[in-house]
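Derivation of every value follows stated rules applied to the coordinates shown; laboratory data play no part. The shown structure was predicted, so the numbers you read here are calculated from the model rather than taken from an experiment. No Cβ is skipped: glycine too gets one built from the backbone with ideal geometry, and neighbour counts run over all protein chains shown.
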Amino acid sequence: MARQSAAAFVEVAPVRFALSDVEAAAAIGVSSSLFRQMVEDGRMPRPKVINARRVWDVDEVRAAFKRLPSDGAEPDLEGSPFSRVVT
């Protein structure tokens with residue numbers, strides 16, 4: 001059996017550690033403008049910076065998504081900037 005080059009393997013099974021804002025938004029099923037709003041209000045993580053490029057860590061986006069409330073459930077505000085707001 002012939003051995004595949006590393007480049008050929010990446011084309012078959014790319015490993016992604018970071019996403020653009022558009023990709024991160026698509027990953028959680030929202031528009032890029034809503035995703036940016038969620039970053040600003042703390043529901044989604046802040047981006048990493050690589051030179052002038054802003055990218056989101058896949059694992060951080062996944063963890064933030066998992067913390068979002070389910071339909072009909074009370075929101076989990078622990079760790080949110082709004083957790084100290086008195087209602």
Scattering profile of the stretch 15-67 at q = 0.14, 0.19, 0.24, 0.26 Å⁻¹ [log10 I(q)/I(0), Debye over alpha-carbon scatterers] = -0.29, -0.54, -0.88, -1.04
Label E74 and E40 with points 7 Å out from Cα along Cα→Cβ: what is the distance between them in nm?
-> 2.9 nm
Given Cα pairs under 8 Å that are at least 6 residues apart, what percent is the relative contact order of the stretch 15-67?
-> 40 percent
